[in-house]
């Protein structure tokens with residue numbers, strides 16, 4: 001029967017990272033538990049919601065863990081409840097011991113807490129992913145790419161494939177991440193330093209956001225492994241599994257136009273603030289839009305929501321070139337697109353009032369492009 | 001038609017303080033608006049939910065307000081919506097102008113926003129409170145007294161009078177505040193420096209909590225005025241009205257016992273942590289309790305929730321005197337009582353397992369007393 005003692009703050013940190021895969025309201029009750037497996041070389045914590053699974057390994061070699069293993073074993077405990085209990089313990093060290101079948105005694109300071117656990121045999125097995133020939137990426141690059149694309153994926157289940165981010169590697173080095181909900185699109189491209197096998201997968205955008213939350217910035221690189229139905233992100237001590245979305249991702253390249261009639265360069269923050277004001281008024285009307293007018297080098301924004309009021313605002317613009325134009329769109333899409341841009345300025349290019357317009361960062365026009373579809377307002 | 005310009009940060013601060021009286025989901029739709037009244041000497045903002053009302057006056061004499069009044073008038077605007085709009089404005093100055101009947105034009109920087117308002121004639125009148133002969137109290141003292149008592153009031157409407165805090169002045173100087181939900185009681189007494197008229201009122205504990213949020217610590221003193229149905233707290237620029245609760249408050253003095261059999265002195269924080277651990281387990285059972293055992297100068301806490309587990313803990317105790325005792329109670333009441341105590345140590349006195357026990361701060365046993373009713377087990 002399992003027995004170990006461990007440093008409480010480090011244990012809590014590992015429990016909380018693992019808990020990100022656990023939903024307390026899972027339709028499968030066993031998935032609200034956390035699996036604790038003790039072997040001679042360390043403790044493995046496992047959490048899963050059926051879509052993503054996290055394995056977190058605490059090694060006896062990790063000095064901060066203060067891990068002393070007396071006896072191996074495994075048990076399931078209600079994740080949220082157990083984490084609250086551990087976090088309430090008075091001392092910096094926790095003694096964890098199975099005293100009867102699935103009965104865990106926690107000792108810390110003068111406090112003794114007995115918890116009822118469950119048999120690990122009931123826990124589902126995580127499908128294995130073959131761990132050979134990894135794609136190695138900097139965590140920072142990967143998290144950046146996620147923050148630039150995942151928000152543009154659909155949240156509607158009507159076309160499940162659009163709830164994902166399309167990740168494609170061609171020519172063994174050209175990496176492309178793209179997401180679209182059919183109203184807007186965001187695409188980041190980059191060139192890998194080392195050649196690797198091509199791939200073409202669609203990952204749930206939700207999984208990617210969890211990835212960013214689980215892997216802290218201290219983790220410098222992650223290894224990525226592919227299987228037909230899953231993808232595994234792996235660092236030193238964390239294995240993060242996510243299922244892939246099935247189906248064919250739509251061809252988004254055909255949406256990218258090469259020509260444009262009007263180009264305007266804005267300060268990113270100032271355009272975003274103006275759109276946030278516009279949104280407050282447009283949002284009062286169903287499907288409310290903002291109208292952008294470009295006339296003689298001036299850009300102005302207009303909203304009219306008959307029930308609550310209107311906005312008229314002359315926008316600060318760094319440069320305007322090309323034809324005059326009037327175009328209407330949902331300001332939310334522009335606000336979210338600008339949030340994803342880290343550059344100080346943004347280049348916006350228009351072809352016509354009924355064709356999508358593009359946004360590219362002022363300092364890098366080739367590798368990151370976003371696209372927003374206008375709304376026709378007769 | 002009204003017109004003024006004002007400093008945006010100060011305007012926002014005043015709007016947000018006034019909004020504390022406004023509920024966006026009020027059954028009376030007009031109460032979701034904020035009233036803006038402009039006179040030659042300043043702007044008055046008014047918000048109300050029918051229970052509490054706040055009037056916030058911004059004077060032209062206030063240099064931080066940058067208030068320039070061109071024309072007086074009054075209008076009602078949707079409070080939350082208007083505050084969001086003001087907070088989104090680009091410049092540090094806001095120009096506010098009624099351009100048509102109840103149509104407000106806000107100008108700030110290059111932004112122009114038009115809002116639809118409502119006629120002030122529809123706004124209910126706040127009942128006046130005669131402002132003579134005030135009771136003057138330090139804001140800090142009043143807020144302290146609220147934090148020591150209001151939490152103990154009932155949240156159940158079954159006995160409305162118990163949702164209030166009983167404030168009584170006797171002998172023109174002996175001030176007592178007491179709240180009870182019939183399971184626990186908290187009472188603070190203090191002696192006023194200046195003699196004043198006796199009073200006996202019951203204030204909704206909710207109103208008192210709002211009072212603490214509205215009056216910042218920079219406000220040194222408040223004046224208090226009484227009317228048969230209302231109470232007015234007034235500072236330099238804020239008038240805070242609250243209705244009184246009707247009915248007779250129960251006699252709580254009879255609950256205070258003078259004798260006890262057992263006394264234990266604890267470190268407040270350490271007892272609270274132990275009770276928080278106990279609560280995690282007791283909370284898994286309906287009406288779960290913690291059992292305190294005092295034996296031979298040792299104090300231990302025990303919880304048994306058959307479904308999830310149990311706690312056994314020896315408590316750190318500074319001193320124990322008197323008879324051995326075993327008593328059970330809801331740990332929530334003790335946790336909340338200890339939160340209200342600012343002293344490092346707490347004196348707990350027991351008479352018997354079926355009689356309420358008292359808590360007093362280690363440094364002040366006469367003026368602040370709390371009482372918790374035990375639960376009879378088997």
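Put in line by how crowded their Cβ is, counting other Cβ atoms within 10 Å and starting with the fewest, B:336, A:218 read A:218, B:336.
Note on B:369, B:265: ascending count of other Cβ atoms within 10 Å places them as B:265, B:369, the fewest first. With its label point put 7 Å out from Cα toward Cβ, residue B:26 sits 4.7 nm from the same residue's point in the other copies, in order from shortest.
With q set to 0.05, 0.06, 0.07, 0.10 Å⁻¹, the log10 of I(q)/I(0) for the protein assembly as shown, from the Debye formula over equal scatterers at the Cα positions, is -0.39, -0.57, -0.77, -1.21. Placing pseudo-labels 7 Å out from each Cα toward the beta carbon at residue A:326 and residue A:84 gives an inter-label distance of 5.8 nm.
Estimated translational diffusion coefficient (Stokes-Einstein, Kirkwood radius over Cα pairs, 25 °C, 0.890 mPa s) of chain B: 104 µm² per second.
For segment B:330-378, the orientation-averaged shadow of the C-alpha convex hull comes to 3.5 nm² (one quarter of the hull surface). Can you figure out the FRET efficiency of residue A:132 with residue B:312, using R₀ = 45 Å and their beta-carbon distance, to the nearest 0.05? For residue A:132 and residue B:312, the calculated efficiency is 0.35.
Inter-copy label distances at residue A:287, using a point 7 Å along Cα-to-Cβ, come to 5.7 nm with the shortest given first. Quick one: check the C-alpha center-to-center distance for segment B:44-84 versus segment B:281-339, whole angstrom. The two parts, judged by their Cα centres, are 51 Å apart.
For the rotation that carries chain A onto chain B, the axis lies closest to a Cβ at A:25, 13, where the number is the distance in whole Å. Axis angle, to the nearest 10 degrees, between helix A:268-282 and the longest C-alpha principal axis of chain A: 90 degrees. Estimated from the Cβ-Cβ distance and a Förster radius of 60 angstrom, the FRET efficiency linking residue B:24 and residue A:39 is about 0.65. Among A:121, A:181, sorting on how many other beta-carbon atoms sit within 10 Å of each Cβ, with the fewest leading, yields A:121, A:181. Our helix-only sum for chain A, with -39,500 (n - 2.57) per DSSP H run of n ≥ 4 divided by its residues, gives a mean residue ellipticity at 222 nm of -5500 deg cm²/dmol.
The calculated FRET efficiency for residue B:200 paired with residue B:68, based on their beta-carbon distance and R0 = 51 Å, is about 0.60. Run the quick spin-label model on residue B:125 and residue A:344: label points 7 Å from Cα toward the beta carbon, then report their separation in nm to one decimal. So the two model labels end up 6.0 nm from each other. For a label point 7 angstrom out from the Cα of residue B:352 toward its Cβ, which stretches of segment B:323-344 have the backbone nitrogen within less than 20 Å? Label zone hits: B:323-330. Comparing B:68, B:145, B:338 in a Gaussian network model of chain B where C-alpha atoms under 10 Å apart are linked, the largest mean-square fluctuation is found at B:68. Principal semi-axes of the equivalent ellipsoid, √(5λ) from the alpha carbon gyration tensor of segment B:3-122, are 21, 16, 14 Å from largest down. Equivalent ellipsoid of segment A:135-253: semi-axes from √(5λ) of the C-alpha gyration tensor, largest first, are 21, 16, 14 Å. With the cut-off at under 18 Å, measuring from each backbone N in segment B:119-135 to a point 7 Å along the Cα-to-Cβ line of residue B:173 picks out B:135. Using the alpha-carbon positions of segment A:256-372, Rg (one decimal) and Dmax (whole number) come out as 13.4, 43 Å. Taken over segment B:97-192, the ratio of Cα radius of gyration to 2.2 N^0.38 Å equals 1.79. Annotation: for a label point projected 7 angstrom from Cα along Cα→Cβ of residue B:246, residues of segment B:184-201 with backbone N closer than 20 Å are B:200-201.
Coordinate-derived values only; no laboratory data. Keep in mind it's a predicted model, so treat the numbers as computed, not measured. Here Cβ is always computed from backbone atoms with ideal geometry, including for glycine, and neighbour counts include all displayed protein chains.
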